[in-house]
Each structure stands twice: as C-alpha cells, then as structure tokens.
1. Taking the radius of gyration and the Kirkwood hydrodynamic radius from Cα positions alone, what is the Rg/Rh ratio for the stretch 171-259, to two decimal places?
2. Just rank 321, 25, 206, fewest to most, by other beta-carbon atoms within 10 angstrom.
3. Return the subset of 241/273; 286/337; 241/330 for which the Cα-Cα distance in this structure is over 28 Å, preserving the input order.
4. Pairs of alpha-carbon atoms within less than 8 angstrom and 6+ residues apart define the contacts here; what relative contact order does the stretch 251-342 have, in percent?
5. Residue 174 to residue 130: FRET efficiency via 1/(1 + (r/R0)^6), r the Cβ-Cβ distance, R0 22 Å, to the nearest 0.05?
6. Give me the extension gain from residue 337 to residue 194: residue separation times 0.36 nm, minus the current Cα-Cα distance, reported in nm with one decimal.
7. Based on Cα positions only, what radius of gyration and what Dmax would you give for the stretch 251-342, in angstroms?
8. What is the gain in length, in nm to one decimal, between residue 48 and residue 315 on full extension, counting 0.36 nm per residue of separation less the C-alpha to C-alpha distance?
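Computed from the coordinates by the stated procedures, all read-outs in this text should not be read as laboratory data. None of these values were measured; they are calculated from a predicted model. Virtual Cβ from ideal backbone geometry, glycine too; neighbours counted across all protein chains shown.
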Amino acid sequence: MIFGSHESATYSRALAMSRYLDVLWGAENNNFTLYYLNGSDNSLTLISTQPLRETNPRFRDSYISLLVDSRRNEMLQQANILDERESFSPLRKYRFLNDYYFTQRMIFNQPGHLATIIAFDLPINDIIPLNMARANFVLNSAAELNTADGSVDDDDLDGAQTPRVYSRMNGAMLEITAPLSNAPLSMTYRVSLISLALDLLHNNLWLVLIDLLLIAFSLLGIYLVRKNSPRPNIDMVQQLKSHQTLGQEVIANLPLGLLIYNFSDNTMVSSNKIADHLLPHLSLQKIANLAEGHQGVIQATVNNEVYEIRMFKSQLSPQTWLFQLLDQDKEVLVNKKLQQAQRELDKNHEAQYSTISNRS
C-alpha cells in the first residue's frame with residue numbers, strides 16, 4: 001500500500017521490496033511490517049503481513065489512516081534528530097491482537113531532498129516464552145551494558161562470550177534483564193514480588209504442607225516429652241536435703257579430720273571442725289603431690305603433733321580428693337590404754353581361773 005502522490009520509481013521500488021519481503025516473511029507466522037518514507041516524493045509505502053483486510057469494515061479506514069498518519073509523524077520527527085541515525089521504540093501492542101512488537105527506524109539523508117526513513121515493526125513472539133506475560137516485558141536501550149569505547153564489559157560475559165542475564169530490585173518489583181544479541185537493546189521482565197511469592201507457594205504447596213506437618217509433629221513430640229518426663233517434686237527435694245543434712249552430720253561427728261577439696265577450681269566441698277582447725281597449717285597441693293608417691297599415706301607434724309594423712313581420689317571427679325587426718329599421739333595413747341585394759345582383763349581371767357581351781 002502506497003499513501004500519497006508518488007513517482008513511478010516509487011511504485012517499482014515498492015513492488016521489488018514487496019516481492020523480496022514476501023520471500024523473507026512468507027513462511028513466518030508472526031506479523032512483520034515495513035514503512036518506507038520516500039524523501040523524494042514524500043510518499044509512505046506500507047508492506048505488512050498483518051491481515052488488514054480482516055479488520056472490521058467499520059473501523060478499517062479509520063484504523064489504517066490513523067496508523068499511517070501516526071507513523072508518518074513519528075518518522076518525520078525522527079528525521080529532525082540529526083545525531084541519531086538509528087533508533088528503537090519501546091514495546092508496542094497490536095490493536096486487534098494480543099501480540100507485542102517494537103519498531104526499528106533508520107534514516108538515510110539525501111542532498112536536496114527530505115530524509116528517507118525505513119521503519120520495521122518486529123514482533124517479539126519468537127524471543128519470549130509462551131507462558132510469560134508479554135505485558136510485563138519492557139524494551140530499553142542496552143547502553144548501560146557497554147563501556148565507554150562501545151564494547152561489552154568483561155564482567156557481563158560468561159565463558160561462552162554470551163551476555164549475562166542479571167536481576168535487580170526496583171521497589172516491590174523484581175526486574176530481570178537480558179541483552180538482545182546483535183542489537184543494542186535489552187529486554188527487561190518485571191514481576192511483582194507478591195505474585196512471585198504466591199506463585200512459588202502454589203508450585204511448592206505440597207512441600208510447604210509437609211514442612212508444616214513435620215513442624216507440628218515436632219512441637220507435639222516436645223510437648224508430650226516435657227509433659228510425661230519426671231520432674232523433681234517437693235518430696236524429692238526434701239529427701240535430697242535430708243540426705244545432705246545426714247551426710248554433714250556424719251562428717252561433723254567423725255573422730256578424725258575429714259575434708260573434700262576440688263583442685264580444678266580450688267574450692268572446699270566439705271569438711272569438719274578438726275580439718276578446719278588444721279587447714280591453715282597445711283598445703284593441700286604439696287600434700288597431694290607427696291601422697292601420690294607414697295601410696296596415698298604420709299605423716300605430717302602440726303604444732304608438735306604428728307598426724308597421719310590419707311588421701312583418696314574421687315572416681316566421679318578426678319580433680320576431687322578426700323583427705324583423712326588422724327592424730328597419731330591420740331592413737332598411741334588409745335593403744336596404750338587398750339593394752340593396759342587387755343592386761344587387766346588377762347589378770348582377771350587368771351585370778352578367776354586360780355579361784356575355780358582352788359575350790360575344786
């Protein structure tokens with residue numbers, strides 16, 4: 001379709017382009033469109049695979065005329081920008097189709113004439129998966145992917161020298177950007193974080209339910225274990241205190257000195273009065289070292305009194321030792337008294353035996 005007055009050369013050129021594009025686009029299912037604004041006669045040639053004839057007759061004339069007028073104005077505006085010879089439009093949507101496309105425009109200057117502009121409407125169906133919403137895609141310039149000298153930054157290339165796909169957060173949206181090959185463009189897919197979370201939840205519903213079920217079983221098991229586990233009640237506490245009190249009474253009433261000492265933290269575990277009286281005069285660490293070399297038994301003199309010290313190591317706590325302090329002088333005195341009592345007993349037995357013998 002040629003709009004506006006035109007020369008015969010324009011018709012021949014349009015026919016040649018139509019035949020070539022028919023071979024190029026004939027096997028394609030997508031809609032391709034070429035706009036050729038001739039700077040010589042200011043005519044606009046439209047070559048498209050879009051089914052314009054199937055448009056509703058009530059809107060066909062207005063739709064085509066409005067489309068041609070808008071594209072002519074757009075291309076003329078592009079011709080006034082002398083510094084930009086090639087440009088790309090954002091993503092656009094066909095009026096009667098659920099398809100998106102973008103427009104590539106190129107300018108060719110001719111001395112003495114208006115600029116000649118060629119524009120292509122290129123669909124994006126072949127580069128977007130069918131299960132992704134096309135309304136979420138944005139086409140923008142990929143200049144940020146290039147360095148100052150126009151080459152792609154090495155950080156954006158992988159081992160196969162293919163531009164890298166990257167993502168970033170923009171408010172409540174997640175943007176995933178991938179550059180297009182052989183074009184200074186990048187395609188950005190924008191998706192809401194809420195919809196992404198809901199989609200992940202929908203796709204992993206069984207896994208989430210299984211995790212929640214396992215957590216519920218774990219909490220129930222913890223509750224049952226804590227509920228059925230034995231807890232120290234008042235009777236057990238009173239019984240433990242009574243045992244401790246009985247142990248302290250036994251230690252306090254022993255006829256010899258007794259103390260229990262923990263060398264790991266240098267604390268006194270238990271002792272009686274005899275041991276407390278002798279403790280300031282004793283070096284427990286030195287006594288322990290000497291006792292280990294003498295089968296756990298040594299003798300020590302405290303205030304001119306001889307004591308036998310026996311040492312025992314705890315089996316539960318290797319650093320806890322039990323010391324027994326026995327007064328040897330009292331032991332000797334007791335032995336003498338026992339010997340004297342034994343002699344008196346023997347004399348009594350002899351006297352009784354002699355008395356019984358004389359009577360007989």
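1. Working: Rg = 33.7 Å, Rh = 20.9 Å.
Taking Rg over the Kirkwood Rh, I get 1.62.
2. Values: 321 23, 25 17, 206 8.
The fewest-first ordering by Cβ neighbours comes to 206, 25, 321.
3. 286/337; 241/330
4. Result for the stretch 251-342 is 27 percent.
5. 0.60
6. Details: separation 143, 0.36 × 143 = 51.48 nm, distance 9.84 nm.
Gain in length upon complete extension: 41.6 nm.
7. Answer for the stretch 251-342, Rg first and Dmax second: 14.2, 49 Å.
8. Taking 0.36 nm per residue and subtracting the Cα distance, the gain is 86.3 nm.
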